[in-house]
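Let me begin by presenting the structure, written as structure tokens, before commenting on it.
The values are calculated or read from the model by the stated rules, or taken from the named source; none is laboratory data. Computed from a predicted model, the values in this text were never measured in an experiment. Note: ideal-geometry Cβ built from the backbone for every residue, glycine included; neighbour counts use all protein chains shown.
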């Protein structure tokens, strides 16, 4: 991959990775502001590139969809993409598809690449390799169902392994549920479908049911690992019937998801999470991940779609649903949330 080696056919003096979820980067006014870490021996680098109009510089703006509508029009990132500044630099912009329309309107882009995700064959391969941990048995199962033109239309196995049989059953069930299979092209959703199927033994009926089951299973695993409660995690039947020790933290996290989605905020500092007293005690129910960004500890939900689902859960339980739909119907950041 280019991230681990040289960019094919391109040579740059500097590659600058700019996650637009970072507030400082999103609100930057100068090239120097994009250097979140200022090192004394490199302090003249921004000025050097500015004098050359960005020649030899590659900037990767990651997460265009995480910018507000206003910043998509007026930010430094927008100016650079439109060639109003540093017109000799090269730029790569990543975005969810719903927000890419604003990029495509810019006549400065030379190439548009859409990452679809897994193919049907890759979905089947991932399911086998996920459920069958024995790599030898997994490869035998793949070979057993392969032809010179790809995979067979109907999977079978002679293996006695329960994991292999479950993988075959899931793959065949997906073939008659095209609505769910089409979701599996997204790697995260493919993993969620596989996990839910392994635990529940059947495919979810709706996207909402898929996410609800996945979050419930995540909470079950959290309870099982932490061993702080005197109840069996597998007696937890639904998100709506959680005991108070778990319901309160979940409620706090749903509110956090909703209020910050409305403010286009997807990452949180420890200080911002201090008000979540119950959720902090429960380590955020296993629904958040922590990472270091520029020497600071930051938190975010396991995936943006998890935040969107929890925001939808909060809306359904605590907000006037019709008013929220009216206020956010044309808001790109609420598109997935309102689907739930």
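Okay, residues lined up against (1) in contact with a strand residue (DSSP E or B) (Cβ under 7 Å, 6 or more places away or on another chain); (2) free of Cβ contacts under 8 Å to residues at least 60 places away in the same chain:
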residue: 55; (1), (2): no, yes
residue: 81; (1), (2): yes, yes
residue: 112; (1), (2): no, yes
residue: 127; (1), (2): no, no
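Since residue 133 meets every condition but one in (1) within 25 Å of residue 266 (Cα to Cα); (2) loosely packed, with under 12 Cβ neighbours inside 10 Å; (3) modelled with pLDDT of 90 or more, which condition does it not meet?
Condition (1) is where residue 133 drops out.
For region 96-110, check the following and say yes or no: at least one residue is without any contact (Cβ under 8 Å) to a residue 24 or more places away in the chain and under 21 Å from residue 12 (Cα atoms).
Yes.
Confirm whether residue 233 is within 29 Å of residue 287 (Cα to Cα), surrounded by 18 or more Cβ atoms within 10 Å (Cβ to Cβ) and in contact with a helix residue (DSSP H, G or I) (Cβ under 9 Å, 6 or more places away or on another chain).
So residue 233 fits the description; yes.
Would you check which residues across region 193-211 are over 21 Å from the mean Cα position of the chain (by Cα), within 17 Å of residue 221 (Cα to Cα) and without any contact (Cβ under 8 Å) to a residue 40 or more places away in the chain and list them?
Taking region 193-211 first, the residues over 21 Å from the mean Cα position of the chain (by Cα) are 198-203, 205.
In the following step, the residues that additionally are within 17 Å of residue 221 (Cα to Cα) were identified as 198-200.
Selection gives 199, 200.
When both residues are 6+ apart or on different chains and their Cβ atoms are under 6 Å apart, which pairs have a first residue that lies in region 28-53 and is over 18 Å from residue 12 (Cβ atoms), and a second that is modelled with pLDDT under 80 and in a loop (DSSP other than H, G, I, E, B)?
Filtered contacts from region 28-53: 36/294; 37/294.
Report yes if some residue within region 155-178 is under 26 Å from the mean Cα position of the chain (by Cα), in a loop (DSSP other than H, G, I, E, B) and surrounded by 18 or more Cβ atoms within 10 Å (Cβ to Cβ); otherwise report no.
no
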